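Okay, so here's the structure we're looking at.
Throughout, read-outs are computed from the coordinates displayed, never taken from laboratory work. A quick note: this is a predicted structure, and the numbers were derived from the prediction, not measured. Please note: Cβ atoms are built from the backbone with ideal geometry, for glycine as well, and neighbour counts cover all protein chains shown.
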Amino acid sequence: MKAILTTVGKDQVGIIAGVSQYLAQNHINILDVSQTIMDDFFTMMMMIEVQADAPEFTQISADLKEVGQKLGVEINVRNAELYQAMHKL
């Protein structure tokens, strides 16, 4: 399953490393990534692919919120099908 992961917060060292480490440890592949710094705020969007042997999506979402709290950023993950459905309306 493909999903969109967004990360936003005050820029600091280790944000990309922290998010990427969680994804790698849980067999979640990064398909594409875009990141920028906007007025001292770090913003990143990733297209990820959740493998069959990864944790359940609700667990991934909860885990990433916890990772975000530790890093001082807000992390959200949503099923890519949600965005595709919105464009069909």
Next item on the list: Among 37, 60, 28, determine the one that fluctuates most according to a GNM of the chain built with springs between C-alpha atoms less than 10 Å apart.
Entry: 37
Check: Which helices of the chain meet both criteria: a Cα extent of 18 Å or more along the helical axis and a mean Kyte-Doolittle score no lower than -1.0, with helices taken as whole DSSP H segments?
Finding: 57-71
Notebook entry, point to check: residue 81 to residue 8: FRET efficiency via 1/(1 + (r/R0)^6), r the Cβ-Cβ distance, R0 30 Å, to the nearest 0.05?
Noted result: 0.85
Note to self: Looking at the chain only, what percent of DSSP beta bridges run antiparallel? Nearest 5 please.
What the structure shows: 100 percent
Margin query: Please compute the length gained on full extension between residue 37 and residue 69, using 0.36 nm multiplied by the number of residues separating them and subtracting their Cα-Cα distance.
Written below: 9.6 nm
Check: If only Cα atoms are counted, what is the Rg of the chain, and what is its Dmax, in Å?
Finding: 12.9, 40
Next item on the list: Kindly provide the helix-only [θ] at 222 nm of the chain, computed as the sum of -39,500 (n - 2.57) over DSSP H runs of four or more divided by all residues, to the nearest 500 deg cm²/dmol?
Entry: -12000 deg cm²/dmol
Note to self: Treating only the Cβ of Lys, Arg, Asp and Glu as charged (+1, +1, -1, -1), what charge dipole size does region 2-88 show about its Cα centre? Round to the nearest 20 debye.
What the structure shows: 120 debye
